[in-house]
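Participant: So that we are looking at the same thing, I have put the structure below in structure tokens.
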């Protein structure tokens, strides 16, 4: 049976279909994980690079570095398109028989993603900014589609920015001759304050529900809930900007499918205990 | 299957790009453009706490700098210089107010942002001429937004509204 929260997040997307995958970035935002409705103006171009270091899973030494290289283009003042490559490095050393992963050291290209963001309202001219986000991804033995609502609002002469992203993500991974299917529902929240010209400090929070299967409406089984939070720092000058964000998993994870190892000591197995993300962008 | 690849992007993003930091006008040049042939007498002053509060109340915009940079104009009126935040950096601008308390002109002195430089467009700035400030001097009301330069056009408009409130509260003859 679906929870009310799950249905509410899914319903947010009912009006504009589905989409996308792992996190990507609109235009410059003061957040490392949360998107805002800021997009490039018509004809604007940007190259963006990000690296996310993920660490910590139960019963194993687990380190992952996920990379993304993105090119963004402002088609109109309301529509931004992007294309990017995703790749990652993973090193696993199990030290307990209960570890979920096998010993592995792997550097691989994972997928190519497209991204479209259409802004309906700007927070600079409306009380609330609103944009639709869709991101399909395809890679060797991997398919993903993710949709987000980008919602933000500005206060104190645009010095304080608060933002929220409800997200639904469907993922297919090749397993033998078949496909393993997963759904993720996420709610990202962020607040950032302009400390000085070009410098923002903020906090971000993520609530995530993992489901087995690819439907948020009835054919997917909730597996676990997890939560994380942490600070973010953003600096921009002229054509370039950089954002550093840290997320620590909070010990509030819940197992929803009865499998004992979905969560261990309040932490979800599938989520890293700590993540550090660095984003760097240059406007061309 | 393991696919090896090259980390191209780091090299790509280190390619230097042109800087957009531009000084368009000095204060003297802006004075001449707005009030041709006039002489200017510096009349800088520090705003009191009560004045700052009144300006915030009247304009809805926070006063960032207690120091008011104002010049009396020989032909009547005032020439003011202030700055507002753009996306990342400050945008210094100048405002001319005629002897009747109406806006005579605005000039952007410097612009350091990658986008939004359209606020220098003469047609956009011309919208301010003849206006007396007040709550309706806002983007979407008396002043049109520049799509693609929303942040800069909004903040400059807010800055002009703040200076017009400053003029009414601090400088205007009573």
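Participant: May I ask you to sort A:255, B:26 by Cβ crowding, counting other Cβ atoms within 10 Å and putting the fewest first?
Facilitator: B:26, A:255
Participant: Using only alpha-carbon positions, what ratio does the radius of gyration of chain A give when scaled by 2.2 N^0.38 Å? If you can, show how the numbers build up before the last one.
Facilitator: On the way: Rg = 18.4 Å, N = 284, 2.2 N^0.38 = 18.8 Å.
Taking the Cα Rg and dividing by 2.2 N^0.38 Å, one obtains 0.98.
Participant: In deg cm²/dmol and to the nearest 500, what is the mean residue ellipticity at 222 nm of chain A if only DSSP H runs of at least 4 residues count, each as -39500 (n - 2.57), divided by the residue total?
Facilitator: Values: 1 runs with 9 residues, N = 284.
Computed mean residue ellipticity for chain A: -1000 deg cm²/dmol.
Participant: Provide, for q = 0.09, 0.10, 0.19 Å⁻¹, the log10 of I(q)/I(0) from a solvent-free Debye sum over equal Cα point scatterers in the stretch A:150-284.
Facilitator: -0.36, -0.44, -1.11
Participant: What is the calculated FRET efficiency for residue B:29 to residue B:64, with r their C-beta to C-beta distance and R₀ = 35 Å, to the nearest 0.05? Before the final figure, lay out each step's value.
Facilitator: On the way: r = 24 Å, r/R0 = 0.68.
My answer for the efficiency is 0.90.
Participant: Considering all projection directions equally, how large on average is the shadow of the alpha-carbon convex hull of the stretch B:87-174, in square nanometres? Kindly include the intermediate steps, with their values, before the conclusion.
Facilitator: Values: hull surface 22.0 nm².
For the stretch B:87-174, averaging the hull's shadow over all directions gives 5.5 nm².
Participant: Normalise the Cα radius of gyration of the stretch B:30-156 by 2.2 N^0.38 Å (N = residues in it) and let me know the number. Show your work: numbers first, answer last.
Facilitator: On the way: Rg = 14.5 Å, N = 127, 2.2 N^0.38 = 13.9 Å.
Normalised by 2.2 N^0.38 Å, the Cα Rg of the stretch B:30-156 equals 1.04.
Participant: Starting with the fewest neighbours, write out A:206, B:141, A:108 ranked by other beta-carbon atoms found within 10 Å of each beta-carbon. Intermediate values should be presented prior to the final figure.
Facilitator: Details: A:206 24, B:141 11, A:108 16.
By the 10 Å Cβ count, ascending: B:141, A:108, A:206.
Participant: What translational diffusion coefficient, to the nearest whole µm²/s, does the stretch A:94-146 have by Stokes-Einstein, given a Kirkwood radius computed over alpha-carbon pairs, a temperature of 25 °C and 0.890 mPa s viscosity?
Facilitator: Diffusion coefficient, whole number: 164 µm²/s.
Participant: Using only helices, what value at 222 nm comes out for chain B when you add -39,500 (n - 2.57) per DSSP H run of length 4 or more and divide by the total residues, to the nearest 500 deg cm²/dmol?
Facilitator: Working: 5 runs with 47 residues, N = 174.
Value at 222 nm, helices only: -8000 deg cm²/dmol.
Participant: Between residue A:237 and residue A:121, how high is the FRET efficiency from 1/(1 + (r/R0)^6) when r is the Cβ-Cβ distance and R₀ = 30 Å? Nearest 0.05. List each step's numbers first, then the result.
Facilitator: On the way: r = 28 Å, r/R0 = 0.94.
That gives a FRET efficiency of 0.60.
Participant: Going by alpha carbons, how many degrees (0 to 90, nearest 10) lie between the helix axis of B:150-166 and the longest principal axis of chain B?
Facilitator: For B:150-166 against chain B, the angle is about 20 degrees.
Participant: Neighbouring Cβ atoms within 10 Å as the yardstick, rank B:84, B:156 fewest first.
Facilitator: Numbers: B:84 22, B:156 28.
Exposure proxy ranking, most exposed first: B:84, B:156.
Participant: First measure r as the distance between the Cβ atoms of residue A:103 and residue A:79, then evaluate 1/(1 + (r/R0)^6) with R0 = 60 Å and state the FRET efficiency to the nearest 0.05.
Facilitator: Taking R0 as 60 Å, the efficiency between residue A:103 and residue A:79 is 0.85.
Participant: Only Cα pairs under 8 Å and at least 6 apart count here; give the relative contact order of the stretch B:21-171 as a rounded whole percent. Kindly include the intermediate steps, with their values, before the conclusion.
Facilitator: On the way: 280 pairs, mean separation 36.0, N = 151.
Here the relative contact order equals 24 percent.
None of the figures in this text is laboratory data; all of them are computed from the coordinates on show. Note that the structure is predicted; figures quoted are calculated from it, not measured. So basically every Cβ, Gly included, is an ideal-geometry build from the backbone, and we count neighbours across all protein chains shown.
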